[in-house]
Amino acid sequence: MAITVKEIKEDAIINISVNKTYYQMVKNLAFYVYQQSNITDAKEYTKEIANTPYIEMTELQQSFHTLVLLIKEIENQAVIQKVIEEKQIIEPGEKGYVEPKLD
C-alpha cells in the first residue's frame, strides 16, 4: 500500500526567522560534524568539499556542506537586514584574555 508524504514544492522558497540562539546551535552542530571528520587542516577540508560534487561526497561531507550553506544564508540575510554587529575577540596569550567557560 502506498503512503502519502508531504514535500516542499520544487520551486518553493521558504522564509524562516532565525534568532541568535538557533544560529549558534547550527554553528555548534557544524563544528561537531567537522570534528567527526578527524581532519587536521580545515582549509584543505573545505577546499576538498567545495571541489567535490555533492553526490560524490561522503555523508559526513554532505552534512557539513549543508550546514555551512545554511550558516552562510543566515549570515547573508543578517547583513541584508542590518542585524550584524562587529566585536573584538581577544585571543589566547593577549592581555585581558579570559578562558571561556561552559555554563
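Does residue 68 satisfy the criteria of being modelled with pLDDT of 90 or more, of a type in the set (A, V, I, L, M) and either outside any loop (DSSP other than H, G, I, E, B) or touching a Pro at 6+ places or on another chain (Cβ under 8 Å) (or both)? Taking the combined requirement at face value, the residue satisfies it. Quick check on region 6-21. Is at least one of its residues part of a helix (DSSP H, G or I) and loosely packed, with under 15 Cβ neighbours inside 10 Å? There is at least one residue in region 6-21 that is part of a helix (DSSP H, G or I) and loosely packed, with under 15 Cβ neighbours inside 10 Å. Take residue 24 and tell me if it is closer than 15 Å to residue 65 by Cα, under 17 Å from the mean Cα position of the chain (by Cα) and not β-branched (Val, Ile, Thr). In short, no. Filtering region 71-88 to residues that are at pLDDT below 90 and either in contact with a strand residue (DSSP E or B) (Cβ under 7 Å, 6 or more places away or on another chain) or closer than 19 Å to residue 31 by Cα (or both) leaves nothing. The condition of being aromatic (Phe, Trp, Tyr) and under 14 Å from the mean Cα position of the chain (by Cα) holds for only one of 97, 32, 54, that being 32. Evaluated against (1) modelled with pLDDT under 90; (2) over 18 Å from residue 21 (Cα atoms), residue 49 falls short on exactly one condition, (1). Among the residues of region 46-63, those that are assigned to a loop (DSSP other than H, G, I, E, B) and either surrounded by 10 or more Cβ atoms within 10 Å (Cβ to Cβ) or in contact with a His (Cβ under 7 Å, 6 or more places away or on another chain) (or both) comprise 52, 57, 58.
Scanning region 22-45 for residues that are touching a helix residue (DSSP H, G or I) at 6+ places or on another chain (Cβ under 8 Å), surrounded by fewer than 14 Cβ atoms within 10 Å (Cβ to Cβ) and not aliphatic (A, V, I, L, M) turns up just one, 36.
Would you say residue 5 is within 23 Å of residue 79 (Cα to Cα) and out of contact with any Lys or Arg (no Cβ under 9 Å at 6 or more places or on another chain)? So residue 5 fails the test.
The values are calculated or read from the model by the stated rules, or taken from the named source; none is laboratory data. Fair warning: this is a prediction, and the values are worked out from it, not measured in the lab. We place every Cβ from the backbone using ideal geometry, glycine too, and count neighbours over all the protein chains shown.
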